Each structure stands twice: as C-alpha cells, then as structure tokens.
1. How big is the dipole moment of the protein assembly as shown about its Cα centre under a simple scheme where the beta carbon of each Lys and Arg is +1, that of each Asp and Glu is -1, and everything else is neutral? Debye, nearest 20, please.
2. Assuming R0 = 30 Å, what is the FRET efficiency of B:ASP329 and B:SER55, from their Cβ-Cβ distance, to the nearest 0.05?
3. Using 0.36 nm per residue of separation minus the Cα-Cα distance, give me the extension gain between A:ASP51 and A:GLU98 in nm, one decimal.
4. Write down, largest first, the equivalent ellipsoid semi-axes of region B:331-428 in whole Å, where each equals the square root of 5 times an eigenvalue of the alpha-carbon gyration tensor.
5. May I ask you to give the solvent-accessible area per residue for the protein assembly as shown, in square angstrom, as obtained with a 1.4 angstrom probe?
6. Any idea which of B:LEU369, B:VAL274, B:PRO7 is furthest toward the positive side of the dipole for the protein assembly as shown, if Lys and Arg beta-carbons carry +1 and Asp and Glu beta-carbons -1?
7. Rounded to the nearest 100 Å², what is the sum over both chains of accessible area buried where B meets A, with a probe of 1.4 Å?
8. With the Cα gyration tensor of region B:203-322 in hand, convert its eigenvalues to equivalent ellipsoid semi-axes via √(5λ) and list them largest first in whole Å.
Amino acid sequence: MNVNQISVFLENRTGQLAETTRLLADNGIDLRAISIAETADYGVLRMIVDDADRAAGILLSHGCILTMTPVTVVGLLDQPGSLANLLDILSAGEIDIEYMYALFTHIKGKAYMVFRVTDDAKLSALLAKNGIAPVTKEELGLK
Amino acid sequence: MKRYYQPEIETASPEQIRAWQDERLVKQVKHVWDNVPYYRKKMEEKGVTPEDIKSVADLHKLPFLTKDDLREAYPYGLLAKPLSECVRIQSTSGTTGKRVVAFYTQHDVDLWEDCCARAITAVGGTNEDVCHVSYGYGLFTGGPGLNGGSHKVGCLTLPMSSGNTERQLQFMTDLGSTILCCTPSYAAYLSETIREKGLRDQIKLKAGIFGAEAWSENMRRDIEEGLGIKAYDIYGLTEISGPGVSFECEEQTGMHINEDHFIAEIIDPNTGEVLPDGTKGELVFTSITKEAFPLLRYRTRDICVLTRKPCSCGRTHVKMSKPMGRSDDMLIIKGVNVFPSQIEQVLLEQGYAANYQLIVDRVNHSDTLEVQVEMTADNFSDSLAKISEMEKKLVEALKAMLGIYAKVTLVAPKSIARSEGKAVRIIDKRKI
C-alpha cells in the first residue's frame, strides 16, 4: 500500500498529454505505468513514476491540478490466467475495483497490476488471507 | 392597401406629436405623484415636484426607474390604480427572485392592442387576412398582445400559441394563414420544416411579425426566402406594455415608436445624461397614457439609436434601430434573462473559482449556453466517477438558478484568459 499514484487533470485538446509527458521527461522522471480515463471534455492521467514527490512538485509548479492516491500493486506470474485467478479472488472477496492498469516493469518474470479499490483495508486483509503480498515501492525501485 | 391603423395619429406632424406628449406627460406625472408613493419618494429625493414638469423639455429632471426598482416594489409598489380597476396582469420571463408583474386597466389593454394593430396594419394586414399567432399565450405578452391587435384590425385570428409544429402547419395550410406572428427563431424553424415537408406550395403567408428576440439581417433574408414573405421586426417590453412599443414599416429600416403613448430618450448609460438623436445609447421609456402601471423614465438597458429622418411610409413617429446590445451584462438565452453574476454565484457555491467563460451560440436556430470553468484542486479526484458527479451537481445547480440547461465544460486551470480590469467572460457566437 505504499505506492503512490499521481493523477493529473487533462483538458481534452491536442497536445495536452505531450506537454505533460515532455515536462516530466525534461526533468528526468521515469514513467513506470500510465493510464488515461477520459470523457468527451476532459481526462484523468494516472501515473506511477520513479519519484512521485518530485514529479508532483514539478507538475504543481507548472500549474497542473493533481492528486496523489495510494494504490495497491500486485505481482503476477507473466502467464495466461494469472490476472483472471487474482480477479476471481477479489470478486469472491467482494472487492470493488474502481480501476486498474498494468505497470510497464517486468521483474523476475512477473507482471504488475495497479489496483484502486473502494476499500483498501478489506483488500489488504483479503490478499494476506490468500498469501499474496502487495509489492512495495522499494521492490519496484521507486523513491 | 390600408396603410395605417390610426392615420391621424401615425402621420401627425411632429409638432402635434410633441403637443400630445407635453400635455400627457404633465398629466401622467401628476397621476404618478398622487398614486405611487414609491416614485413620489424618488421625486422628493431629487427635489422634483409635478410643478417642475411643464413639458417634455423637463423630462430629464425626473428620476429613473430600473428593473431593480420593479423587483423592490413587487408586486403592488408601482401600481397607480385600485386593483378593482385593473383587468389583467402580464409578467416577464424572469428566473430568479421576484418576477416583474405589470398591471393593466381596460384602457391600458386597449392602447396596447392599438399599438399591435398599427404593427399588423403596417405589414399590410386588413380584415381579409388570417393572422396566425404563434407567440406563447399566458403571462408572456407576445401572444395576448398580437392576438388583441389582430382582433382590432379585424383579421381572422388563429390563437395558436407556441409549440406543436405539426398542428401549426396543418392550420397554416388548411386555413390559409397570411400573417405569421412568432419569434424569429420559431419562424426559421417553421420555414425549415415547411421546406423538409415540401409544403411551400400550400403556404399562403405574405408577411411575418417577429420579435421578442434579437435577429440579424441575414436571418431576415433566410426567413423571407424560406417562407416567401416579408419579415418585419417588432419591439416591446412587459414593463412598458408588451410588443408594439415600436414596429417596423414597409421600409424595414428601423421601428417606429408609438410616441403618442411612449416618450423615448437615449441616455449615456454611465452618467444618465440625455444624448441627442442619432447617438448610440441606452433607450429609456416614459409611458404617458397608461393608467395602472405608468412607468416614468424606465431604463430598458437596450442600446440603440433614434432617428427622426422622414420615413417613406409616411409615418412621422421616431424610429429606433434594432437593439445593438445591453448596457448591463444581461444575456437573453432561449428568451430567458441570464446574468453572469448568477452563474458566478453558483460556481462559488459549488467550490469552483469565479474564473469562467460563457459561450453562447445558436445551433439549428436554438440558443445554447456553455459554461467553461477551470478545474480546481479541491474538486479534482483520481476517480472519473467523482468528477462526473461534481459536474452533474453543477449542471443541476445552474439549471435551478437559471431555469435553462447549460452545458458545463471543465477546463485546465489558468486556461481561461485573465485580463486586467473587467474580465471578458462572454463569447456570444450568435450571428445577430
């Protein structure tokens, strides 16, 4: 639960996403995961980066509107069925997933999924019960 | 063709009109002084008594009335006759707070209908015509005003009211409507529908009287071509009586103000100083014949120009241009009065910054309003569902405040230009 996601408000116009990623690139921020949710008029860019605090500072100083949200990252064997099995567990445990997306990083043959759920405590307990340890930011090499 | 409804009045010499105005103004000021304590107090504060008003030349000495006064005096504060002598009220399409209600004695209804009859006659209306009135009937003055005028001219009057386009077209074709009275946007819509249904050959319309909304010369041409008619403008406001305060003649170069009933002035909206004819400024009306609701020096907030150039139609009454704008920031959207300050209030209540932009447009001849507002840190969330919910709440709050739907667009912070001094908040794309 110690991984922080940055969500940035994006106006739905050409170049908005490029501007934001360029800003991070120019400051040497490494993107580890990215997901966009959008409506006709605006979008929310969600990111896991190597240094969330520094990235947030840069974005804020450039007038972005953002929010930091704790998310759960789970490592899965990079093979067919892994995600389905995990989702079965979450479903049986009545976990409400708000959204999820994948990390670019593959370490030790594993794929990593980012989860945002409505009840973090319930998810932690369910994962522990099933012998699944969420991935820490140290394991992912994040600051 | 009968050209005038009341020729002796409509073509009277300027001296005669001035003589009527002098006499009626003096009488009216006395009537208001005696019967409207609200206005009497205003006069006393300005140190003016009825004795100071001997002719139109003294009109400038009188205090102004504004829409705020009408709200403050609601409902009976400006009434100058006992209710037992009143036979009608009409009301404006105000949306917040108190509406404006205007009272009429039978005499007042008659003079209002005379004004509308002059307008109908000016577009060629006679007792041979079928006058199709598609303005709303009810508190809105459009329907009742033209209906009354049509009766006076002796037209066969079709009190259609607004809406139900199928039925409008059925009556129009079956009963052979020759004069159409409605808003210009509805006329454009009818024209479009008639074209789509291929009914043009079955339409006998020859003229239309279109008001209650601003419209352009382009729109006039579209309507005239689409319906095969001549399209005329009409102007009025509930506070002064309703449609027919002024109307267009065959020359189509401005609207003749019925000066035997209403004295028009143009003032500088900032200083209140009276400006000479031909100068652009705010239009102010004094009603000199109305009994129940006689407003003196009422500020319309409409910006226009008066001209006394002789008119080829033979009418001698002063002409006003189409209103070119407003001296306040009021917008009229779908016929509803909208003040940016109302929108600002809602935004602040909903946790948004008062930094916003209004985009007004006309799509398929219907007005649209878009409110662009900057996203704030407090209202932002990583969850799209939560943002959508906030947005929905804002749309609902705006609807409750304004009475019309406004599309909300959330934009990036600092993306709406800030300007020194008064911010440019309104982009009106309507080609008016």
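1. Magnitude of the dipole: close to 400 debye.
2. According to the calculation, E is roughly 0.25.
3. Length gained between A:ASP51 and A:GLU98: 14.5 nm.
4. Values: eigenvalues 92, 56, 30 Å².
In descending order, the three semi-axes are 21, 17, 12 Å.
5. 44 Å²
6. B:PRO7
7. Details: alone 18930 and 7720 Å², together 25160 Å².
Roughly 1500 Å².
8. Calculated on Cα positions only, the semi-axes equal 26, 16, 14 Å.
The values are calculated or read from the model by the stated rules, or taken from the named source; none is laboratory data. Small disclaimer: the values here were computed from a predicted structure and weren't measured. Every residue, glycine among them, receives a Cβ derived from its backbone with ideal geometry; neighbour counts consider all protein chains shown. Quick note on the areas: whole protein, heavy atoms, side chains included, nothing else; ligands and nucleic acids left out. Shrake-Rupley method; radii C 1.70, N 1.55, O 1.52, S 1.80 Å.
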